[in-house]
Amino acid sequence: MNDQLRRNDRLNLLGEITAGIAHELNTPLGNILGYAELMQTQDKKNADLGKIIKSTLHARHIVKKLMFFSCDMPSQFKMTQINALILENIDLLHLQLAEANVHIDFNLEENLPQVKVDAIQFSQVLFNLILNAIAAMPNGGPISIKTTHTKKYISLKIKDSGTGIDPKNMQKIFEPFYSTKEAGSGTGLGLAVTYCIVQAHQGEISVISNLGEGTEFTIQLKLNKDA
């Protein structure tokens, strides 16, 4: 409980800080990207412009993730079929899955009740968890996605067959800017954003991991009694 309270305090503080940062960076990044793309159409041989565009897109991606911690990312909660949302997002990731030689084993409960979520934000959760799972499986393999429900909750489990998480790092994985990936290959915001979004949905997220055996994330979302 104390760990969760401290984590929430850190996320709240991050939200206050990054709201201003996101505003300050987003506009100039958009201008840089626009002018660089315009110049590239006039001089396609200029490789430096390509590097500018790539770096700007990466910076804008970081800003977008930061905005999840501030009030600049408004929520639009609607009754949603989670199974359909899962299938839709996995379809968008088919290239990354194919390149990594990773396949999805679906175990989605039929007639799963709808639950109130922000589809865009929850899609970010799915992307973060699947991309992390892919990164943890350098030799490819299966990722299991399972949905079930009780009278009160819908449960989503995403389990990879990758390298697992070192026990000494388990308490840090939801902290902003913490990453075990190589420098430049991650922002350290993916799981922090995931935690923040799940909390905003009044849900819970937990993780079980064993080195060399893989990692399983479980998300529980409360069912709307009126649904």
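The values are calculated or read from the model by the stated rules, or taken from the named source; none is laboratory data. This one's a predicted model, so the numbers in the text were calculated from it and none came from an experiment. Positions of Cβ are backbone-derived with ideal geometry, glycine not excepted, and every protein chain shown enters the neighbour counts. Ligands, DNA and RNA are stripped out before the accessible areas are found, and what is left, the full protein with its side chains, is counted by its heavy atoms. Shrake-Rupley method; radii C 1.70, N 1.55, O 1.52, S 1.80 Å.
Structural remarks
- Restricting attention to region 125-164, the residues that are within 24 Å of Glu99 (Cβ to Cβ), open to solvent by 30 Å² or more (accessible area, probe 1.4 Å) and of a type outside the set (Lys, Arg) add up to 10.
- Picking from residues in region 36-49 that are loosely packed, with under 13 Cβ neighbours inside 10 Å and modelled with pLDDT of 70 or more, the one that is nearest to Cys196 (Cα to Cα) is Leu38.
- Within region 70-87, the residues that satisfy the criterion of being within 20 Å of Lys159 (Cβ to Cβ) and without any contact (Cβ under 8 Å) to a residue 60 or more places away in the chain are Leu85, Leu87.
- Thr194 meets all of the listed conditions (1) at pLDDT 85 or above; (2) open to solvent by 60 Å² or more (accessible area, probe 1.4 Å); (3) among the β-branched types (Val, Ile, Thr) but one, namely (2).
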